[in-house]
Amino acid sequence: MIKKYLLLYVLVLSIPLCLGLLVWQSNRYKNLANELKRLEQTQAEWIESNKKLIAGISEYSSVQRIENIAKNELNLRKIPPEYYLQVKITEGKGHGH
């Protein structure tokens, strides 16, 4: 007879326990879903920031910008081709052997 009531008590106590675990698991899932949303938003912000940085790098390293700085800020000019001096070094005489 006691075994019969013991089983009934275990069943009666297990129902609220299962419901409590279900509530805990639901709350945990909700917290994890919120954390995931936050991380995805942070990732999207970083991706946008990286795009802007890459665009800035492209702008600052452009040939036109560097040429403009050389001409207007540093007063540099291109050397005409007739002022180029090309030196070609070949092996052979006078090499010190």
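The values are calculated or read from the model by the stated rules, or taken from the named source; none is laboratory data. The structure presented is a predicted model; accordingly, all values stated were derived computationally and were not measured. Because the Cβ atoms are built from the backbone with ideal geometry, glycine has one as well, and the counts that use them run over all protein chains shown. All accessible areas refer to the heavy atoms of the entire protein, side chains included, with ligands and DNA or RNA removed. Shrake-Rupley method; radii C 1.70, N 1.55, O 1.52, S 1.80 Å.
Dipole orientation for the chain: of the candidates Val87, Leu74, Leu11, Leu11 has the Cα lying most toward the positive pole (charges on Cβ; Lys, Arg +1; Asp, Glu -1). Taking 17 Å as the straight-line reach from the Cα of Lys78, the aspartates and glutamates in range (excluding those fewer than 8 positions away in the same chain) are Glu67.
Once both axes come from the Cα atoms, what is the angle between helix 2-60 and the longest principal axis of the chain, in degrees from 0 to 90, rounded to 10? So the helix axis and the longest Cα principal axis differ by about 10 degrees.
For the chain, what does the accessible surface come to per residue with a 1.4 Å probe? Please give it in Å².
With all protein chains present, the chain gives 105 Å² per residue.
Straight-line cross-link reach from Lys51 at under 25 Å between alpha-carbon atoms covers these lysines, not counting any fewer than eight positions away in the same chain: Lys37.
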